[in-house]
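J.: The structure's right below; bear with me while I get my questions together.
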Amino acid sequence: MELKQLQYFRAVAKSQSISLAAEQLYISQPALSRCIRRLETEVGAELLTRKSSGVTLTEAGEAFLRELDTAALHFEQGLINARTIAARSRPGLSVVYSFEEFDNSLIYQLHQEFPEVEAHVDILPPEKAYRELLAGHADFAIIPLRDKRPGFRFECLLSEEMLLSPSKDHPLAGKRFVTLEELSGQSIVCNEVAFDRDSIERICSANGLRLNFLLSSNDHQTVGKFRDLTESMIFIPIGAVADHFGSGRNEELPARIVPQVFRRDTYVVYAENRILSPAEKYFLDLLHSHYRERHRTIHDFSERVFSG
């Protein structure tokens, strides 16, 4: 008795048609009929009652199918268990991050050095990314500063100011500098994966500011369109502006907020008691090196554009 025979019998029993089952199994109807006949011979009982309209199960066939269904469930669960164990045996790296400008070339460099490591990366809003880390579903989270939980390491990668980008018809459009007094009471559209609302509200509270939040979204295109429709403003990290400055993508340079209280602190967070593998240590080194270079780029841009 072969596994194929049992699979074919289940397909015929479920569809109640040899011709339909043959189509589903991509074999000819005569070949399927012969296979079922051989199975009945080996079992020693007729399993199907054949009619012109199709087939039905005999009493013996119903009993046989019940046990086959139970066996199939065990077989499928066994496959899942085996594949899960095999996946755990392969080295992996799971990263969640909350910034659209995360450089995926870091993962490429990791693969070049450790081709056996399976890396999975996912972009999530800050709170959800942090929850994934705390729940043990991610190895590293690259996020704005969250509440520092015991048992986790928080390594600062970068602290950068946020610039202000009004719609083109906004009263503050075209200004090089905007004061906190000018900003207070203005309408804001929030891009959650650039500068999340919780962070903005904490800064506003600390500085006695009030902003009118019109929309919070994870989609930067939605945020940009809504800003223009409502003639409001958005915050943009200075690093993202520096990356494209002079490329023609920025029609209007965003304004610097004075004083520079609106800042985004980027941290990499991971379990404190985690024994880092060579690949994980390499990934952390790549991160720190990448963000040191970003700091230099931002500093040079800021000196060139806002000095004097």
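The values are calculated or read from the model by the stated rules, or taken from the named source; none is laboratory data. Since the structure is predicted, the reported quantities are computational estimates derived from the model, not experimental observations. For neighbour counting, all protein chains shown are included, and Cβ atoms are generated from backbone atoms with ideal geometry for every residue, glycine included. Just the protein is used for accessible areas: all its heavy atoms, side chains included, with ligands, DNA and RNA removed. Shrake-Rupley method; radii C 1.70, N 1.55, O 1.52, S 1.80 Å.
J.: If I fit a long axis through the Cα atoms of helix 220-230 and take the longest principal axis of the Cα atoms of the chain, what angle between them do I get, 0 to 90°, rounded to 10?
T.: 50 degrees
J.: Points 7 angstrom from Cα along the Cβ direction at T49 and S19: gap in nanometres?
T.: 2.1 nm
J.: Please sort by residue number the trypsin sites (Lys or Arg not before Pro) in region 210-242 whose DSSP state is loop and whose Cβ has at most 11 other Cβ atoms within 10 Å.
T.: Those that pass, being in a loop and sparsely packed, are R210.
J.: In whole Hz, with x marking every Gly and Pro, tabulate ³J(HN,Hα) for region 166-172 from phi via Karplus 6.51 cos²θ - 1.76 cosθ + 1.60, θ = phi - 60°.
T.: For region 166-172, the Karplus curve yields x, 5, 5, 9, 6, x, 8 Hz.
J.: Exactly which chymotrypsin sites (Phe, Trp or Tyr not before Pro) in region 8-70 are in a DSSP loop and have at most 16 other Cβ atoms within 10 Å?
T.: Sites meeting the loop and neighbour criteria: Y26.
J.: Moving to a separate point now. Rank these residues by their accessible area, most exposed first, probe 1.4 Å: D285, D196.
T.: In descending accessible area the options line up as D285, D196.
J.: What part of the accessible area of the chain, given as a whole %, is carbon or sulfur when the probe is 1.4 angstrom?
T.: So the carbon and sulfur contribution to the accessible surface is 49 percent.
J.: Of all trypsin sites (Lys or Arg not before Pro) in region 161-206, which ones are in loop regions per DSSP and have a Cβ with at most 12 other Cβ atoms within 10 Å?
T.: K168, R176
J.: Which one, V95, L3, V55, is farthest towards the positive end of the dipole of the chain when Lys and Arg carry +1 and Asp and Glu -1 on their Cβ?
T.: Among V95, L3, V55, the one farthest towards the positive end of the dipole of the chain is V55.
J.: Determine the gain in length on full extension of the stretch T56-K4; use 0.36 nm per residue of separation and subtract their C-alpha separation, reporting nm with one decimal.
T.: Between T56 and K4, full extension yields 16.7 nm more.
J.: Over region 1-85, what relative contact order in percent results from Cα pairs under 8 Å that are six or more residues apart?
T.: Worked out over region 1-85, it gives 25 percent.
J.: Could you tell me the center-to-center distance, by alpha carbons, between region 280-308 and region 146-189 in angstrom?
T.: Comparing the Cα centres of region 280-308 and region 146-189, I get a distance of 18 Å.
J.: Hey, another quick one. For R210 and L73 in the same chain, what is the full-extension length gain: residue separation times 0.36 nm, less their Cα-Cα distance, in nm?
T.: 43.5 nm
J.: Please report the antiparallel percentage of the DSSP beta bridges confined to the chain, to the nearest 5.
T.: Within the chain, antiparallel bridges account for around 55 percent of the total.
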